[in-house]
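The values are calculated or read from the model by the stated rules, or taken from the named source; none is laboratory data. Just so we're clear, the structure is a prediction, and the values are computed from it rather than from any experiment. Cβ: placed from backbone, ideal geometry, glycine included. Neighbour counts: every protein chain shown. The protein model used for the area step is the full one, side chains on, heavy atoms only, and it has no ligands, DNA or RNA in it. Shrake-Rupley method; radii C 1.70, N 1.55, O 1.52, S 1.80 Å.
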Protein chains: 4
Amino acid sequence: MTESGRRGDSVYLRGWDDYEHHTLKLTASKVAGMGHVAYRATSPEALERRAAIIEKTGHGKGWTDGDLGHGRTYAFNTPDGHNMEIYYETEWYKAPPELKPSLKNQAMRFPARGANVRRLDHLNLLASDVGELRRFLGEVVGMRETEQIILDNGQEAGAWMTVTNKTYDIAFTADHYGAHGRFHHITYAVDSKEEVLRAADIFLENGVYIETGPHKHAVQQTFFLYVYEPGGNRVEVANAGARLVLAPDWKPITWTEEERKKGQAWGLKTIESFHTHGTPPV
Amino acid sequence: MTESGRRGDSVYLRGWDDYEHHTLKLTASKVAGMGHVAYRATSPEALERRAAIIEKTGHGKGWTDGDLGHGRTYAFNTPDGHNMEIYYETEWYKAPPELKPSLKNQAMRFPARGANVRRLDHLNLLASDVGELRRFLGEVVGMRETEQIILDNGQEAGAWMTVTNKTYDIAFTADHYGAHGRFHHITYAVDSKEEVLRAADIFLENGVYIETGPHKHAVQQTFFLYVYEPGGNRVEVANAGARLVLAPDWKPITWTEEERKKGQAWGLKTIESFHTHGTPPV
Amino acid sequence: MTESGRRGDSVYLRGWDDYEHHTLKLTASKVAGMGHVAYRATSPEALERRAAIIEKTGHGKGWTDGDLGHGRTYAFNTPDGHNMEIYYETEWYKAPPELKPSLKNQAMRFPARGANVRRLDHLNLLASDVGELRRFLGEVVGMRETEQIILDNGQEAGAWMTVTNKTYDIAFTADHYGAHGRFHHITYAVDSKEEVLRAADIFLENGVYIETGPHKHAVQQTFFLYVYEPGGNRVEVANAGARLVLAPDWKPITWTEEERKKGQAWGLKTIESFHTHGTPPV
Amino acid sequence: MTESGRRGDSVYLRGWDDYEHHTLKLTASKVAGMGHVAYRATSPEALERRAAIIEKTGHGKGWTDGDLGHGRTYAFNTPDGHNMEIYYETEWYKAPPELKPSLKNQAMRFPARGANVRRLDHLNLLASDVGELRRFLGEVVGMRETEQIILDNGQEAGAWMTVTNKTYDIAFTADHYGAHGRFHHITYAVDSKEEVLRAADIFLENGVYIETGPHKHAVQQTFFLYVYEPGGNRVEVANAGARLVLAPDWKPITWTEEERKKGQAWGLKTIESFHTHGTPPV
């Protein structure tokens, strides 16, 4: 990733084709975890409309002045306690001369070093109550669900939701410890499965802990690789191939307990820590 | 591709993850070319609204009864004379037992043969007046432009437009002969650049004429391969990597004459026939 | 793979760029396992020389008349009891008209179906005494060792040996049950890691049991995928990238017990059955 | 590439898995071109034997003291005037602590920057008389030919020769200007076709002139990309897939004038400068 700014004890980072000033803000902290996640509304009017809808639910926290790279935000909590914001005004990234790309339709020069993550893809959370969070993000925030896990007892154990043609922009699964508001991982997209494999070699050489992968998810079928950054947060590098949700009336795919026991697409068993490790630690 | 139906002298085909009954209808004809292209509206209401808007422009041709795999359509002509339709009701593809996929979140079994095209990606047309077609598809049909070519004399020579997060769902360039309503190519997406290279080997072995590629486009940066099907229509197999247009306020990228003279991304000169070959022949 | 002949209850198979008539002979049998493995000598003289050397060790079984696709062979047993043969005369594969390749420097048409294995790569065996087999193949058969596993107690637990610039043409590890002469797996090479991933999708769709992978080996660094054929023999599809042993004086790489406990290159734990499953079953 | 030493006005470079101290020596010069190429003999005895054979032909220039990274060499000229050397004693590369690889079976840490060339692959020359050079390298130096171009008039126009299982270690084509002893290009191998495509993006972003490619050669079928280094020498980055020459009795593939007119494997026309540009300039 490339640094695009600093303020106080925070550093702002981006993939090489993220169009905004940054997509990741790292702030020095004693404990790992997600400070907040912010989604961009599709227009100033959509922002106002959505803030009003959230306000009515009692989860709203009010307007902020914004941050380096984007304008004012409307802040709120999910029912599970995750800090979220929505905003519209954003600073489009302008590459400095030494990072100007050869092709004008990409944000920044293609880097010749590191794992080459192209753009922010999605975020995964843990929730004490998956169904409640799914209803909130669906009915209040306006997302639609594309895939889900339903246990034999009828309980929702996982949900994948989108506001674009990407198959998901956010996902969340049941917190193993029943804790509230925890973070599971953030995912950056690379251009190919080969780039995921290459990232694995780079992580290996640089002593970055590889938790699991590369392999192909059964749910959503992305080709994945999970590592922990030095602070303990899980980070995913992934490629979705050409898979998109293009149907306006897509009906959520439901995975049963038995189906999920098969592990990942080609048979890799889901690693235990994937179910238990979240940040902050409980 | 896989056949999903036949009616009269037409055969209906699909990529392995197209969610609809078919995405290509081939009809026996003495001359190559595009019969019509149909886009799906996002809802029954959206269909009615759009039909009414088109009706007012005088380009409408009225409602049809639909076809194998989809319900009634509203038919119209572009100002350039291409036959288009919009529809909403569609038949979701149901794989027969022998084509049932192992993973329930894909439409059909991943095929172990052929070029493995995953899904319809986009369509390219030729137009006698690029600007007029761009305005029609933008203002009347409701598409937005993501990239364009503007000649030194101010004339529009190419436009790429989308209704999704894909960087384009349709593109069109100036017809070399000034002809009306011609077809340039249809594109199916594969999951990786490697699949494009593999398709090249398969085309080579099967005597399919390779016009140009594999290479990377400068405009839109897709990794492409162009062939002619036996009837003479151009077909593209392509992969876009993880590139999407996620900004709701994306401003069209403009390419100048000089920039386009550089050829494709890595320097391949655009082949002459790419500018001249369209169907039907003039 | 492609069938290139039948005789009795045997069928002869080949990868699309194997230069010989076949590289795999399947014979109907009640129990899975390896009938024999045959290596080709570099010249008629080398064959005679090598046969004489083996003869002297008392492991020789004498000359055979050959088989479909190759001439007479000198048969012998390894000290562990595996049936081996060496031969020189071979029938170069001649593609029938419908399988003639477009490029004359490949053996057969690039297939548009299946896992596209290019050529036989290597064979893995189990041995009751790894050191003894390593010495036999090194000193008698004339192979050189490129990598090995040495336990803390000094015992050899695995050996990789070559007679070419491939990093290994044969490998063998200690038989978990101390059994003699067993088979571990046969490996076919594909052209890229992407082809290995694609093979995984094809195996998944066709109900072929995937034992482990795709992942990258620590030893020899090949990108691997292991499946069981319906009869129970393990088969590997692999890609070695551009890795070759080009040094004439390559010194074997030694892996310790502790190093091997780390699992595969990116951390995948070696699956239990990989240590225990061999054919015939004990 | 990584620097492994300097001496005088020369810098020594290597791919990340080259086993020797260096595989490229760059020396400051007013004119581009090849100073010399050196091949390693398989043993001290083989070196002596070969030197004696060359000596007898009158092309020998005698022994040198060696250079940084390798011992004494026997120097000679090809009949066409290229400077060549053979040697045996070499310094195995020892990675400094910061470049130590995680996997002990590779020479150096896998780099997270640049085009990631793994190892030297081969060298291409231009020759005034292809047949004469082919006979010299075959009969005197001990190489064997794997593919060749024979013109309709019977003249040899290109030859590919090997001393390993790689399909070629050297190649040469007729010098367009009839000049003597010129250099065409040097090739480094990467692990996959994807890495070649990635190299193209890196070259593009860094203003390196891309002459032709990426595409697949018809001859030898390597996936190639040609660039000029700032001094004007042509450099190739290539991947051969799993293709090797494993037959001890491989018979050279002959390409005719007509076949070569078809261009490269998927139809790319061979660029004019590929036939004319060599170093030093005529």
- [ ] Report, in debye and to the nearest 20, how large the dipole of segment B:26-116 comes out about its Cα centre when Lys and Arg carry +1 and Asp and Glu carry -1 on their Cβ.
- [x] 360
Task: Hydrodynamic radius of segment A:207-282 per Kirkwood, over alpha carbon pairs, in Å - done: 14.2
Task: Percent RCO, i.e. relative contact order, over chain B, from Cα pairs under 8 Å lying at least 6 residues apart - done: 17
Task: the protein assembly as shown - percent of accessible surface contributed by carbon and sulfur, probe 1.4 Å - done: 52
Task: Listed residues B:P111, B:P214, B:P230, most fluctuating in chain B (Gaussian network, C-alpha, under 10 Å) - done: B:P230
TODO: Every other copy gets compared here: list the nm distances from the D:L151 label point (7 Å along Cα to Cβ) to its counterparts, shortest first, one decimal.
DONE: 4.4, 6.7, 8.0
Task: Estimated [θ] at 222 nm from DSSP helical runs (n ≥ 4, -39500 (n - 2.57)) normalised by residues in chain C, nearest 500 - done: -4000 deg cm²/dmol
Open item on the list: Along the Cα→Cβ direction, 7 angstrom out, place labels at D:S10 and A:E132. What is the inter-label distance in nm?
Closed with: 7.4
Open item on the list: Tell me the volume per residue, in Å³, of the convex hull enclosing the alpha carbons of segment C:1-62.
Closed with: 124
TODO: Compute log10 of I(q)/I(0) for the protein assembly as shown with the Debye formula, placing one identical point scatterer on every Cα and leaving out solvent, at q = 0.08 Å⁻¹, to two decimals.
DONE: -0.94
Task: Probe 1.4 Å - accessible area at A:I271, Å² to nearest ten - done: 60
Open item on the list: Just want the answer: with Cβ charges of +1 for Lys and Arg and -1 for Asp and Glu, which residue in A:I210, A:M161, A:Y188 is farthest toward the dipole's positive end in segment A:161-222?
Closed with: A:M161
- [ ] Using a 1.4 angstrom probe, figure out how much accessible area segment C:233-276 has per residue, in square angstrom, rounded to the nearest whole.
- [x] 44
Task: Axis-proximal residue, chain B, for the rotation superposing B on A (Cβ, Å) - done: B:N165, 2
Task: Among C:D18, C:D249, C:D67: highest mean-square fluctuation, GNM of chain C, C-alpha pairs under 10 Å - done: C:D249
Open item on the list: Not counting ligands, DNA or RNA, and with a 1.4 Å probe, what is B:E98's accessible surface area in Å² rounded to the nearest 10?
Closed with: 110
- [ ] Just check segment B:179-226 against the gyration tensor rule for me: Cα atoms, a ≥ b ≥ c as the square roots of the eigenvalues, rounded for a/c under 1.5, and otherwise prolate or oblate depending on whether a/b exceeds b/c.
- [x] oblate
- [ ] Mind putting together the pair-distance distribution for chain D? All Cα pairs, 5 Å bins, whole percent per bin, short to long.
- [x] 1, 5, 11, 16, 19, 19, 15, 9, 4, 1, 0, 0
Open item on the list: Please compute the average number of Cβ atoms from other chains found within 10 Å of each residue's Cβ in peptide B:97-104.
Closed with: 5
- [ ] Pairs of Cα atoms under 8 Å, at least six residues apart: use those to get the relative contact order of segment B:41-156, whole percent.
- [x] 18
TODO: With +1 on each Lys and Arg Cβ and -1 on each Asp and Glu Cβ, and nothing else charged, work out how big the dipole of segment B:172-223 is about its Cα centre, in Debye to the nearest 20.
DONE: 200
TODO: Please figure out what share of the DSSP beta bridges in segment B:1-84 is antiparallel and state it in percent, rounded to the nearest 5.
DONE: 95
Task: Contact surface D-B: accessible area buried, both sides summed, square angstrom, 1.4 angstrom probe - done: 1300
Task: Within a Gaussian network of chain C (alpha carbon springs, distance under 10 Å), most fluctuating of C:V140, C:V237, C:V31 - done: C:V31
Task: Cα gyration tensor, segment C:141-282 - rounded (a/c under 1.5), prolate or oblate - done: oblate
Open item on the list: With a 1.4 Å probe and all protein chains kept in place, how much accessible area does A:E259 have, in Å² rounded to the nearest 10?
Closed with: 50
- [ ] Amide H neighbours of D:I253 under 5 Å, at least 5 residues apart or on other chains, H built in the peptide plane: list them.
- [x] D:E147, D:Q148
- [ ] Pairs of Cα atoms under 8 Å, at least six residues apart: use those to get the relative contact order of segment C:1-79, whole percent.
- [x] 19
Task: Only Lys, Arg (+1) and Asp, Glu (-1) charged, at Cβ; the protein assembly as shown dipole about Cα centre in debye - done: 0
Task: Cα-based shape type of segment A:1-109, given that a ≥ b ≥ c are square roots of the gyration tensor eigenvalues and the cut on a/c is 1.5 - done: oblate
Task: Where chymotrypsin sites (Phe, Trp or Tyr not before Pro) fall in DSSP loop in segment B:139-184, at most 15 other Cβ within 10 Å - done: B:Y177
TODO: Would you mind telling me the antiparallel percentage of the DSSP bridges in the protein assembly as shown, rounded to 5?
DONE: 75
Task: For segment A:212-282 versus segment C:1-55, the gap between their alpha-carbon centres in whole angstrom - done: 43
